[in-house]
Every structure is written in C-alpha cells, then in structure tokens.
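The values are calculated or read from the model by the stated rules, or taken from the named source; none is laboratory data. The model shown is predicted, which means the values in this text are computed figures rather than measured ones. Cβ placement follows ideal geometry from the backbone for every residue including glycine, while neighbour counts extend to all protein chains displayed. These area figures cover heavy atoms from the full protein model, side chains too; ligands, DNA and RNA do not enter into them. Shrake-Rupley method; radii C 1.70, N 1.55, O 1.52, S 1.80 Å.
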Amino acid sequence: MTVEVGAGGGAGGAGGAGLAGGTTTLAADVPSTAAATTGGAGMAAPPTTAGGAGTATGLDAPKDNGAEIYTYEAGWLLYAMNWSHRRDQMFRLAVGSFREETNNTVEVIKLDENTGSFRKTGSFAHPYPTTKIMFIPDRECTRPDLMATTADFLRLWQVNSDDSVSLKALLNSNSKSEFCAPLTSFDWNEIHPNLIGTSSIDTTCTIWDIETQQVDTQLIAHDKEVYDVAWGGPGVFASVSADGSVRVFDMRDKEHSTIIYETPGKPNETPLLRLGWNKVDPRYMATILLDSHKVMVLDIRYPTLPVAELTRHQACVNALAWAPHSSCHMCTAGDDAQALIWDLSGVQPESNAPGMESTKLGLDPILSYQAAAEINTLQWSAVQPDWVAIAYGSKVQILRV
C-alpha cells in the first residue's frame, strides 16, 4: 500500500507514489527472525505484535494506512547495494559485503511478492569489498543480463538463466601493470550501455567500452583522489574529488573540464564524496561533503554557488539519489539513521541572489524514515519509482514511499 504524503501536487511515476507537502515520519525497523521479513507497519498506534514495523507520525500522516517495508538480513556488514533495471526482475537487488580483507561476497536477492520475503538467488566471491554495484540499465530486457562491480578492478558479471553468476570480464585500466589503483565508484551510461565510467584514487576517470573491453578515454580528472563519477548525458560526465571540486567533462573535448562547484574556505579543505546527476532534468546535480550534514544542490547553468543546501540531517550524510521519475525529488541518508525525501520544485537559480539565503537553507523534507542504525547507502529503483532501498548494518530494507 502506497504511503501518500501530504496533499500537494504529487510527482508519481508509473504506479508512482504521491510526494507532496508536509512531512511524514516513518519510524520503523522490521525485526528479522529468518533471512527476511515483511513490515506491514502500523500507521497509528505503537506495534502490537513482535513482527510490527513501528509507527508513522507526522503532520499529514494517514492514520489508517500501512507502510510497505521489507527487510533482508545478510549476515555480514553491507556497503554496496543496487536494484535491477530489468522490468522482468523488478524486485531483484544485489548486495555486497564489507569485510576489511580480501575475501568478500556479493549476493543477488529477490523479493517473493506472494510470500513477502526475500530469497537469495545467487552468490559469488568477490576480492575486496565492492565500492559499487550496478545492473546494466536495460529496462526492456534487450541486452544480456549483466552486472558490474568495482574494487581493485572493474569486473563484469553475467547473470545466467539459472540465476547463477559468472565472471565475464576483468578490466584493468593500467596497461603497464597487472595491478591498478583502487576504484572508488563507477556509473553506467543509460543512453549508451556499452559505456561505463570509473573513478580512482589515482586522480583519473576512465571510460570503458565494455563491448570491446577496451579503454575509450582515460584522463586525469582532479588534483587528488576521485571519489565518484556520474553520467549526465550520452557523452557528458562529472566527477567529485578530495580536491573539493565538481568537474564536468565533455567527451568531444577531452582536454578541458568545467568546474561547477568548489568547497569554500582554504583550497582543498573539504573533500566531496558523492555525486548525483538528475537524469530527468540534467541541469541539476547534488553532492555531499566529507563529515557534513549538508547536501549541496547545484545548477550547472549557475556554477560556483549551490542553489540549495539541505541541512536537516543531524549527522554526516552518506548517500543521495535523485528520483528516476521526477525532476525535483531526491532522497538522502546518513549517520543519523534517517532517509529523507525532498521536494526541490521551489528551488530556483535566483536563490543565489543577495537576501535569498533563507530560501536556500529553509527546506524541510516531505518524508522521513528512521532506521535502526546509520544508513550506509541508498538506491531509488529505476523501474519502480515508488520504491527506495537502504542498507545499514547487515540489513537491506526496501521502502515504498
């Protein structure tokens, strides 16, 4: 059952959730006695059974509806996690372990809609913790069912018809050595799925053509470690770095980049850790700073100053994701164990003008979810835009928003 928040104009997609005015709080953690349990969270009174998922309260919270929350217990600390993009695998996710050793694990899990529980459909060993996992952006199921991971190398994995997973390719961007610098993140080009861009601690970004398994482009992107990369179009990508800058690159002019934002203060004072580029309205992107409770929303037409600063987290922010179905909604999560959904429809570039600081800083989230521990990462489903997944501790939760 969809939780409809507030009563303003919704931004739902296909089967979409209503995201509107007011703030609703979903305070819930689904206890898990087996590998997974389903929520069915009560919206009014505190839970009356051991399986209850908690309560939801807020200015406009409906008092008679339930929140759909499903939990998977992995048995080890989680970090990387992502949804499948295929319409025939809408409730499939991949989750990666975080063990500070060579031996790590990736599991492929799927929600059984009839029983309301997750089951593991595949698992494979992975050298070192995965820094990111993605399924190929292929909603119409016209391409091979592939998955990619980054850690010490970029790896491509084939998901077979029997749900087993096999290594398809190991891609090393260092042609002069059998080793390469650790990879911090990557992004899969949705327009040209043969292209994957990776970021590395060696200051480079590398664009791979996975069909030829050859490097298309490699460039020194920043002065320090590159922590994240995101595509903004067929041939345009951006990156963030320990040097505190957001830089945009056009593959038609590889010798130059455009600095969209730099952290204020002393040069290189505050690293930028994550970057999200709005796929619906590519004029906007967002980034998070090291050990900061703020999220900076940027308009690439007006560089240097953010058009909004989201400041309602109570601890450092770890992850962000733009809604795949809306030009103005974003979800953020952090060490305060909150996942917050924001409506940025009122943000205008003019908010950079003198006297508009209160507009930039005064935004409140329209929905909040309180998890049981610090949230490491979140992902918004591209094929089911009313579902968000979060990971904390050894658990993955999917929430219908």
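Which residues, counting only those in the range 301-335, are closer than 25 Å to residue 262 by Cβ and touching a Gly at 6+ places or on another chain (Cβ under 8 Å)? Within the range 301-335, 313, 315, 316, 317, 318, 319, 320, 321, 322, 330 qualify. When every residue of the range 137-160 is checked against the conditions, none turns out to be more than 26 Å from residue 216 (Cα to Cα) and among the aliphatic types (A, V, I, L, M). Within the range 273-283, being more than 18 Å from residue 378 (Cβ to Cβ) and in a strand (DSSP E or B) holds for no residue.
Quick one: is residue 163 closer than 18 Å to residue 209 by Cα and of a type outside the set (A, V, I, L, M, F, W, C)? No. Set side by side, the residues 82, 114 differ, and just one is of a type outside the set (Lys, Arg) and in contact with a strand residue (DSSP E or B) (Cβ under 7 Å, 6 or more places away or on another chain), which is 82. So is residue 397 over 18 Å from residue 295 (Cβ atoms), out of contact with any Lys or Arg (no Cβ under 6 Å at 6 or more places or on another chain), surrounded by 20 or more Cβ atoms within 10 Å (Cβ to Cβ) and modelled with pLDDT under 95 or not? No. Applying the criterion of being modelled with pLDDT under 95 and of a type outside the set (A, V, I, L, M, F, W, C) to the residues of the range 123-142, the residue that is farthest from the chain's Cα centre (by Cα) is 142. Taking the criterion of being without any contact (Cβ under 8 Å) to a residue 40 or more places away in the chain, open to solvent by less than 30 Å² (accessible area, probe 1.4 Å) and of a type outside the set (A, V, I, L, M), would at least one residue in the range 278-286 satisfy it? No, every residue in the range 278-286 fails to be without any contact (Cβ under 8 Å) to a residue 40 or more places away in the chain, open to solvent by less than 30 Å² (accessible area, probe 1.4 Å) and of a type outside the set (A, V, I, L, M).
Got a number for residues in the range 170-185 being in contact with a Phe, Trp or Tyr (Cβ under 9 Å, 6 or more places away or on another chain) and under 16 Å from residue 214 (Cβ atoms)? Number of matching residues: 5.
Would you pick out the residues in the range 319-345 that are open to solvent by less than 20 Å² (accessible area, probe 1.4 Å), not in a strand (DSSP E or B) and not hydrophobic (A, V, I, L, M, F, W, C)?
Once the filter is applied, which keeps residues that are open to solvent by less than 20 Å² (accessible area, probe 1.4 Å), not in a strand (DSSP E or B) and not hydrophobic (A, V, I, L, M, F, W, C), the range 319-345 yields only 326.
Among the residues of the range 74-101, those that are open to solvent by 70 Å² or more (accessible area, probe 1.4 Å) and modelled with pLDDT of 95 or more comprise 77, 98. If you take the residues in the range 244-275 that are surrounded by fewer than 23 Cβ atoms within 10 Å (Cβ to Cβ) and among the small types (Gly, Ala, Ser), which one is nearest to residue 217 (Cα to Cα)? Applying the filter and picking the extreme gives 257. Those residues that are part of a loop (DSSP other than H, G, I, E, B), within 18 Å of the chain's Cα centre (by Cα) and surrounded by 20 or more Cβ atoms within 10 Å (Cβ to Cβ), I need them from the range 293-318; list them, please. Passing the criteria: only 313.
Those strands (runs of 3 or more DSSP E) of the range 112-200 in which 1 or more residues are of a type outside the set (Phe, Trp, Tyr) and exposed (fewer than 14 other Cβ atoms within 10 Å of the Cβ) occupy 117-127, 165-171.
The residues of the range 295-326 that are over 24 Å from residue 370 (Cβ atoms) and of a type in the set (Lys, Arg) amount to a single one, 301.
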